[in-house]
Amino acid sequence: MAVIGAGVIGLEMGSVWRRLGTNVTVIEYLDRITPAVDTDTATMFQRILTKQGFKFALSTKVTKSVVGADGLVTLTTEPSAGGAASTATYDVVLVATGRRPFTAGLGLADVGIVTDKAGRVVVNHEFKTNVPGVYAIGDVIDGPMLAHKAEEEGIAAVENIAGMHGHVNYDAIPGVIYTYPEVATVGKTEEELKKAGVKYNKGVFPFQANSRARAMQDADGQVKILADAATDRVLGIHIVGPNAGEMIAEGVLGMEYGASSEDIARTTHAHPTLSEAFKEAAMATAFGKAIHF
């Protein structure tokens, strides 16, 4: 099986089929997988998937596909920067190269609703469009195409319609990649903080040093926390490992209430649990050293 695109959907589907015994090759135009994910986390994620048997063709573009009479698919690829072409044949090819809002054919132009160049409906902070009485939320407006993001926007929009003050904190919207193991993130990446000139502290704790993960024989991955160097306020959390999609909720809650890494580090976590890795990463952020690593 070939998966064209090393983003969230491509890797999720590839992970399912790899666990079912399929040989999976991921072809990606960029030089890395999951480009929106923190680089350290993405690098570790790729290393884990490679250990599971994934093959990656990065910095590679597909220039041609041909379905043969036998149903097999032959792909022609070449380096993204240009170079010699090569071919390979697969039983099946999954194209997962991105998503776009489904706004065509809805009659938006007929009523004068403004959209941007990507086809997304333009709204203000109250989710109002330029047409009175018409609101928009979710995948048709700007922002990550996530069900829970749309849910929060829907609640906020209805509150605004009712004369209340609905609000969504876009700095605390978690994202989860439902592979095995999972990847979960919230807030800023290191790259974003560097680009913005924000000084930060970083703490990392590997699941290899977590007793619950070792007992489960599921200890690949790590928890990484980024906090403002001056205030210690948590700015970003990045997890790859067992149960990451559940663990990220603690980080989202902490960020929603403006927690510092020391706040999390001084919070009692049950032993033995995977969440202790979260506490230890916070210790590494706040104090420069985790206890058990």
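The values are calculated or read from the model by the stated rules, or taken from the named source; none is laboratory data. All figures in this text were calculated on a predicted structure; none of them were measured in a lab. Virtual Cβ from ideal backbone geometry, glycine too; neighbours counted across all protein chains shown.
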Failed condition for D110, given (1) surrounded by 14 or more Cβ atoms within 10 Å (Cβ to Cβ); (2) out of contact with any Asp or Glu (no Cβ under 9 Å at 6 or more places or on another chain); (3) of a type in the set (D, E, K, R), with all others met? (1)
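Being surrounded by fewer than 22 Cβ atoms within 10 Å (Cβ to Cβ) and more than 25 Å from the chain's Cα centre (by Cα) is true for just one of A209, A230, A259, A219. Which residue is that? Walk me through it before giving the result.
On the way: A209 fails: more than 25 Å from the chain's Cα centre (by Cα); A259 fails: more than 25 Å from the chain's Cα centre (by Cα); A219 fails: more than 25 Å from the chain's Cα centre (by Cα).
Matching residue, one of A209, A230, A259, A219: A230.
Quick grid of which residues meet (1) of a type in the set (G, A, S); (2) surrounded by fewer than 18 Cβ atoms within 10 Å (Cβ to Cβ):
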site: E151; (1), (2): no, yes
site: A156; (1), (2): yes, no
site: Y170; (1), (2): no, yes
site: E182; (1), (2): no, no
site: T189; (1), (2): no, no
Checked against (1) among the hydrophobic types (A, V, I, L, M, F, W, C); (2) part of a helix (DSSP H, G or I); (3) more than 25 Å from V168 (Cα to Cα), I291 satisfies every condition except (2)
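Given the criteria at negative phi and in contact with a helix residue (DSSP H, G or I) (Cβ under 7 Å, 6 or more places away or on another chain), does V8 qualify? Explain how you work it out, then say what you get.
Details: at negative phi: yes; in contact with a helix residue (DSSP H, G or I) (Cβ under 7 Å, 6 or more places away or on another chain): no.
So V8 does not fit the description; no.
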So the check is Cβ under 9 Å with 6+ separation or different chains; which pairs have a first residue in region 25-37 that's assigned by TED's automatic domain parsing to the domain that holds K55 and a second one that's part of a loop (DSSP other than H, G, I, E, B) and of a type in the set (D, E, K, R)? P35/E28
Is it true that some residue in region 90-102 is more than 18 Å from V8 (Cα to Cα), surrounded by fewer than 12 Cβ atoms within 10 Å (Cβ to Cβ) and at pLDDT below 95? yes
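Per-residue answers, yes or no, for (1) surrounded by fewer than 23 Cβ atoms within 10 Å (Cβ to Cβ); (2) within 22 Å of G221 (Cα to Cα); (3) not β-branched (V, I, T):
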site	(1), (2), (3)
A249	yes, yes, yes
G254	no, yes, yes
D263	yes, no, yes
L274	no, yes, yes
A281	no, yes, yes
K289	yes, yes, yes
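Looking at region 86-137 only, could you name the residues that are of a type in the set (D, E, K, R) and out of contact with any Pro (no Cβ under 9 Å at 6 or more places or on another chain)? Working first, answer last.
Our first condition is that a residue be of a type in the set (D, E, K, R); within region 86-137, this holds for 91, 99-100, 110, 116-117, 120, 126, 128.
Passing the criteria: D91, R99, R100, D110, D116, K117, E126, K128.
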Inspect region 266-279 for any residue being part of a helix (DSSP H, G or I), under 18 Å from D228 (Cβ atoms) and modelled with pLDDT of 95 or more and give the result as yes or no. no
Among the residues of region 79-98, how many are hydroxyl-bearing (S, T, Y) and either in a loop (DSSP other than H, G, I, E, B) or under 21 Å from L20 (Cβ atoms) (or both)? 4
Starting from region 120-139, keep only residues that are assigned by TED's automatic domain parsing to the domain that holds M164 and surrounded by 19 or more Cβ atoms within 10 Å (Cβ to Cβ), then list their pairs with residues that are among the aromatic types (F, W, Y) and in a strand (DSSP E or B) whose Cβ atoms are within a distance under 9 Å, requiring at least 6 positions of separation or different chains. V123/Y135; F127/Y135; T129/Y135
Just to be sure I understand, how many residues within region 227-264 are within 29 Å of A215 (Cβ to Cβ), part of a strand (DSSP E or B) and without any contact (Cβ under 8 Å) to a residue 40 or more places away in the chain? 0
